[in-house]
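See below for the structure under consideration.
The values are calculated or read from the model by the stated rules, or taken from the named source; none is laboratory data. Note that the coordinates shown come from a computational prediction; the quantities given were computed from them, not determined experimentally. So basically every Cβ, Gly included, is an ideal-geometry build from the backbone, and we count neighbours across all protein chains shown.
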Amino acid sequence: MTTELPGLKKLIRHLQKVPYLASKNIYRVANYFLMAKDNEIEELCSVILQAKKNIKSCEQCFNWTENSNLCEICNSNRRDKSIICVVQTWHDLLAIEKTNSYNGLYHILGGALSPLEGIGPEDLNIEQLLKRLRESENLNTVKEIIFATNPTPEGEATASFVCSRIEESKLEVKISKLASGVPIGSVLEFMDRVTIHKAMSERRPF
Ligand SMILES: [Zn+2]
């Protein structure tokens with residue numbers, strides 16, 4: 001079989017390490033790379049390396065940022081700095097941004113608590129959120145936290161955990177969560193704009 005070719009096997013093995021690349025697509029991607037011109041592949045590799053070098057996590061919210069410590073959202077004067085929407089991933093931030101229904105700031109946790117996968121509170125950006133809230137308390141800036149974690153058991157457990165940490169810290173902040181328009185067990189990233197918009201505008205106390 002052609003897949004027994006050592007170089008091709010190595011390519012497939014590396015492509016298999018890329019999450020979200022469905023196994024049936026791996027052979028198509030490998031084929032595309034082999035068919036492409038050398039300069040196209042060189043350009044692709046250099047673009048990936050440049051992106052890795054120049055794009056970093058925002059110091060405040062963990063969104064991606066280029067050539068600045070703070071991301072465009074944190075840096076913007078047009079955003080409402082009194083609200084922080086807590087999401088699991090960058091894809092969730094993008095899903096909410098696409099709705100144009102939210103104008104506050106974000107905090108990306110970097111996932112959800114999952115004892116089965118060995119993901120504990122220390123693996124998420126929870127302490128950074130609490131630090132952010134404590135620092136803002138002196139300036140009296142943040143008034144509301146909206147939990148927009150996924151309505152899955154892990155997402156709900158994560159929101160409850162972070163919420164209890166905020167309450168323990170005695171921080172003066174209103175806590176709300178997305179309305180139940182968000183179907184249970186679904187993932188924010190794959191929801192349509194109208195559902196997210198409705199859930200955001202009808203958010204309720206946590
Ligand atoms: Zn930011």
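The one condition from (1) buried (at least 16 other Cβ atoms within 10 Å of the Cβ); (2) of a type outside the set (Phe, Trp, Tyr); (3) outside any strand (DSSP E or B); (4) free of Cβ contacts under 8 Å to residues at least 24 places away in the same chain that residue 7 does not meet is (1).
Annotation note: of 34, 21, the sole residue that is part of a helix (DSSP H, G or I) and on the phi < 0 side of the Ramachandran plot is 34.
Applying the criterion of at least 2 residues that are within 14 Å of the ligand (Cβ to nearest atom) to the strands (runs of 3 or more DSSP E) found wholly in the stretch 59-172 leaves 64-66, 80-87, 104-108.
Given the criteria within 15 Å of the ligand (Cβ to nearest atom) and aliphatic (A, V, I, L, M), does residue 41 qualify?
no
All of 125, 150, 140 fail the test of being loosely packed, with under 13 Cβ neighbours inside 10 Å, in the same structural domain as residue 166 (by TED's automatic domain parsing) and not hydroxyl-bearing (Ser, Thr, Tyr), apart from 140. Of all residues in the stretch 37-58, exactly one satisfies the criterion of being among the β-branched types (Val, Ile, Thr), surrounded by 11 or more Cβ atoms within 10 Å (Cβ to Cβ) and part of a helix (DSSP H, G or I), namely 41. Taking every residue in the stretch 126-142 that is closer than 11 Å to residue 172 by Cβ and pairing it with any residue that is assigned to a helix (DSSP H, G or I), at least 6 positions away or on another chain, the pairs with Cβ-Cβ distances below 8 Å are 133/166; 142/132; 142/133; 142/136.
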